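I have placed the structure first, in the form of structure tokens, so that the comments after it can refer back to it.
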Amino acid sequence: MKNKLFEALTDRLHCLANPLPVVASLCVALSLAACQKPDDNQTPGQKIDAAIAKTGEVAAEAKVKAEQSSAQVKTKTEETFAKAGAALKDATQNAEASAKVAASKALEKMDDMAITTAISAGLAKDPELSALKINVDTKDGAVTLNGSAPTPAAVERAGALAKTFNGVQSVSNKLVVKEK
């Protein structure tokens, strides 16, 4: 079709004295001929069906991509929860260990206080030692007696008394004899 049109226009060119309008018309005609789409012999209904089919394909591709993305998000979420669970388990174990250490120390302190109280009460029952100022200190079961006693026998009796209580590991008797 283009060749026939071109031949017709060139024949007209030779006939005209002023070729400018003819050349312009030729350029316009060639441009229009080049821009026309070839007829695909489809009816409007067929074109709509083809567009719907293409839309269905694109939707199916989008669904596959969304499912893949969802699976990736699920995997990452599960990994994150697994890591968080492990961290929580570690933190719980560390807290339990710390609590056990703290409880043990508290029991030791309570044991030391109980020992100190029991020894002080025992010393208060002795008529010769009760009127005196004797300091009883206990640390980890080790008892230290500080102060004064009226006689060397009273010093010995205070040390022996301190050794009789449960939980006492050792006694450091630093009592001094102080005569009246």
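The values are calculated or read from the model by the stated rules, or taken from the named source; none is laboratory data. As the structure is a computational prediction, the values presented were derived from the model and not from experiment. Here Cβ is always computed from backbone atoms with ideal geometry, including for glycine, and neighbour counts include all displayed protein chains.
What to note about this one:
- Only residues that are under 25 Å from Ser104 (Cβ atoms), surrounded by 15 or more Cβ atoms within 10 Å (Cβ to Cβ) and modelled with pLDDT under 90 were counted across region 142-167, and they come to 1.
- Region 128-180 - residue that is in contact with a helix residue (DSSP H, G or I) (Cβ under 7 Å, 6 or more places away or on another chain) and of a type in the set (Val, Ile, Thr) and, of those, farthest from Thr117 (Cα to Cα): Val177
- Within region 129-141, the set of residues being loosely packed, with under 14 Cβ neighbours inside 10 Å and at pLDDT below 85 comprises Ser130, Ala131, Lys133.
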